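One structure is given below, encoded as C-alpha cells.
The values are calculated or read from the model by the stated rules, or taken from the named source; none is laboratory data. Since we're looking at a predicted model, the values are computed, not measured. Heads up, the Cβs are rebuilt from the backbone with ideal geometry, glycines too, and the neighbour counts pull from every protein chain shown. Remember, those area values only see protein heavy atoms, side chains included, never the ligands or the DNA or RNA. Shrake-Rupley method; radii C 1.70, N 1.55, O 1.52, S 1.80 Å.
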Amino acid sequence: QSEIRLKMAQVLMATGAREEGLKEFEKARQCADELTKLMPGDYYADRTFANNLTLHASALLNLGEDRTALEMLRRDGPRVAGFVEHHADQPDMKFLYGEICEDEGRALGQIGDLTGAITAARKATGIFDELVRRVPRNTMYQRLEILSYRYMGDVYGNPTVANLGDLASAAQAYGRMKELSDALLAADPGNVSTQREAALSDGRMGVLRLGQ
C-alpha cells in the first residue's frame with residue numbers, strides 16, 4: 001500500500017496537484033512506518049521507508065519547503081542510518097542514505113546554513129565514492145557521485161549562488177566531477193544523460209573561472 005500511495009503522490013505532483021500530492025506522500029510515509037513495525041529488520045520494509053523519505057524530501061525541496069524537508073530528514077534520517085548498519089550487505093540501502101544526506105545538504109544550503117550544507121555534502125560524496133568502489137559498474141551510483149561533487153563545488157564557491165568563498169575547494173570538487181563524467185562518457189559516448197553530465201562539468205569549471 002505504501003508503494004501505491006507513493007506512485008499516486010508522484011503522479012499528483014507531476015500534474016500540479018501539490019496539496020493532494022503532499023498528503024499522499026505523508027500517507028505513504030505512515031504506511032511505510034507501520035510496515036517497518038510489523039516486519040522489524042525486514043529489508044523490503046526498511047527500504048520502502050527509506051525510499052519514501054528520499055522522494056518525499058525531494059518533492060518538498062523542489063517546492064521550496066526547505067525547513068519542512070529538513071525537519072523530516074532529521075527526524076527519520078537516523079532510522080535509515082540504522083537500517084544501513086542492519087543491512088550492511090545491501091548497497092542500495094546505503095545509496096538511499098546517501099541521497100538523504102544530499103537532500104539534507106540542499107535543505108541547509110537553501111536556508112543559508114552553508115557550513116552545515118558542506119558537512120552534509122561531504123558525507124554524501126563519501127558514501128557515493130564508497131559505493132562506486134564497491135559496485136564499480138553501477139551507473140546509477142556513478143551518476144549520483146558526479147552530482148554530489150557538483151553540489152559540493154557549488155557550496156564551496158559557485159559565484160552564481162550563495163557560497164563559502166573557498167574557490168580552491170570548489171575547483172577541486174568540480175575537477176573531480178569532470179574527471180568522473182569524462183570517464184563515464186568515454187565508457188558510453190552515445191548516452192544522452194552522460195553527455196549532459198559532461199557538459200555540466202565543463203560549464204561549472206567555466207563559471208568558476210569567470211568568478212575568479
The number of residues in segment 47-93 that are among the hydroxyl-bearing types (Ser, Thr, Tyr) and out of contact with any helix residue (DSSP H, G or I) (no Cβ under 9 Å at 6 or more places or on another chain) is 0
The one condition residue 15 fails out of (1) touching a Lys or Arg at 6+ places or on another chain (Cβ under 7 Å); (2) open to solvent by 50 Å² or more (accessible area, probe 1.4 Å) is (1)
Just one listed residue, out of 97, 149, is aromatic (Phe, Trp, Tyr), assigned to a helix (DSSP H, G or I), out of contact with any Gly (no Cβ under 6 Å at 6 or more places or on another chain) and without any contact (Cβ under 8 Å) to a residue 40 or more places away in the chain, and it is 149
Among (1) small (Gly, Ala, Ser); (2) open to solvent by 20 Å² or more (accessible area, probe 1.4 Å); (3) free of Cβ contacts under 8 Å to residues at least 24 places away in the same chain; (4) in a helix (DSSP H, G or I), residue 88 falls short only on (4)
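Yes/no per residue for (1) farther than 23 Å from residue 89 by Cβ; (2) open to solvent by 40 Å² or more (accessible area, probe 1.4 Å); (3) touching a helix residue (DSSP H, G or I) at 6+ places or on another chain (Cβ under 6 Å):
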site: 7; (1), (2), (3): yes, yes, no
site: 11; (1), (2), (3): yes, yes, no
site: 25; (1), (2), (3): yes, no, yes
site: 32; (1), (2), (3): no, no, yes
site: 45; (1), (2), (3): no, no, yes
With criteria (1) part of a helix (DSSP H, G or I); (2) in contact (Cβ under 8 Å) with a residue 12 or more places away in the chain; (3) of a type outside the set (A, V, I, L, M), residue 41 comes up short on (1)
The lone condition residue 31 fails out of (1) more than 16 Å from residue 79 (Cβ to Cβ); (2) not in a loop (DSSP other than H, G, I, E, B) is (1)
With criteria (1) open to solvent by less than 10 Å² (accessible area, probe 1.4 Å); (2) within 16 Å of residue 174 (Cβ to Cβ); (3) not β-branched (Val, Ile, Thr), residue 117 comes up short on (2)
